[in-house]
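The structure appears right after this line, and notes come after that.
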Amino acid sequence: MPGEGAPRADVVFVGEGPGADEDASGRPFVGKAGRLLTDIITKGMQRERESVFIANVVKCRPPGNRNPTPDETAACIGYLHRQLEILSPKVVCALGKVSAHHLLGTDLSMTRLRGGSHAWRSIPVVPTWHPAYLLRNPGAKRQTWEDIQRVMEIAARP
Ligand code: URA
């Protein structure tokens, strides 16, 4: 499940990996968390979901929805890097810690990473809570909205 979106997307969202719904449909973020991501893009950013690109660190669903193992991410990370090189977006929004950790080469907590200034190669990276985390912790949505506003600010730069 490689991802989907605009070939000239200025904004790329990077999640962790497909869940059962994504695995079944071959599309990223189409389950419950996916509907929240769609709302963030359409209601929050006031953009079409098709105007951004949505990808994941791992391209296949880990059995039982467990976190991907280091060898699984190692097998997929080159694909994501190539996607980012080709898309060359203005900004990447890292959804959750698996994504942030792999893009930023760190294992700091999301609390530490959020709000900081980060980049993958020279592309700005804005880490925020994974939508699945937001479903469990709706109180964190306000912080994600702050992060998304930063994404919009960077995307609006000439
Ligand atoms: N969670 C992810 O990290 N990616 C998806 O595509 C769906 C759910």
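The values are calculated or read from the model by the stated rules, or taken from the named source; none is laboratory data. Given the structure is predicted, the values throughout are model-derived calculations rather than measurements. For neighbour counting, all protein chains shown are included, and Cβ atoms are generated from backbone atoms with ideal geometry for every residue, glycine included.
Observations
- Region 65-93: number of residues that are basic (K, R) and either modelled with pLDDT of 95 or more or touching a helix residue (DSSP H, G or I) at 6+ places or on another chain (Cβ under 9 Å) (or both): 2
- If the condition is being within 16 Å of the ligand (Cβ to nearest atom) and within 25 Å of L104 (Cα to Cα), then region 28-47 contributes P28, F29, A33, G34, L36, L37, T38, I40, I41.
- Scan of region 38-64 for residues that are farther than 16 Å from R27 by Cβ, at pLDDT 95 or above and in a loop (DSSP other than H, G, I, E, B), ordered by number: M45, Q46, R47, V57
- Within region 1-21, the set of residues being buried (at least 17 other Cβ atoms within 10 Å of the Cβ), touching a residue at least 60 places away in the same chain (Cβ under 8 Å) and more than 11 Å from the ligand (Cβ to nearest atom) comprises A9, D10, V11, V12.
- When region 91-107 is filtered for residues that are within 14 Å of the ligand (Cβ to nearest atom) and of a type in the set (S, T, N, Q), only S99 remains.
- Identity of the residue in region 2-21, of a type in the set (D, E) and part of a loop (DSSP other than H, G, I, E, B), that ends up modelled with the highest pLDDT: D10
- Residue in region 75-90 that is out of contact with any strand residue (DSSP E or B) (no Cβ under 7 Å at 6 or more places or on another chain) and within 13 Å of the ligand (Cβ to nearest atom) present: yes
- Residues satisfying the stated conditions in region 136-158, i.e. touching a helix residue (DSSP H, G or I) at 6+ places or on another chain (Cβ under 8 Å) and closer than 29 Å to A74 by Cβ: T144
- Cβ-Cβ under 8 Å pairs, at least 6 apart or on other chains, region 107-136 side in contact (Cβ under 8 Å) with a residue 60 or more places away in the chain, far side among the aliphatic types (A, V, I, L, M) and not in a helix (DSSP H, G or I): H130/L95; P131/L95
- Selection status of A24, more than 8 Å from the ligand (Cβ to nearest atom), over 13 Å from the mean Cα position of the chain (by Cα) and outside any loop (DSSP other than H, G, I, E, B): yes
- Contacts under 6 angstrom Cβ, first residue in region 22-42 being among the small types (G, A, S), partner at pLDDT below 95, 6 or more apart: G26/M1; G31/G19; G31/D21
- When G34 is tested against the conditions (1) assigned to a loop (DSSP other than H, G, I, E, B); (2) closer than 19 Å to T144 by Cα, the lone failure is (1).
- Some residue of region 48-58 being exposed (fewer than 15 other Cβ atoms within 10 Å of the Cβ), more than 15 Å from the chain's Cα centre (by Cα) and within 15 Å of the ligand (Cβ to nearest atom): no
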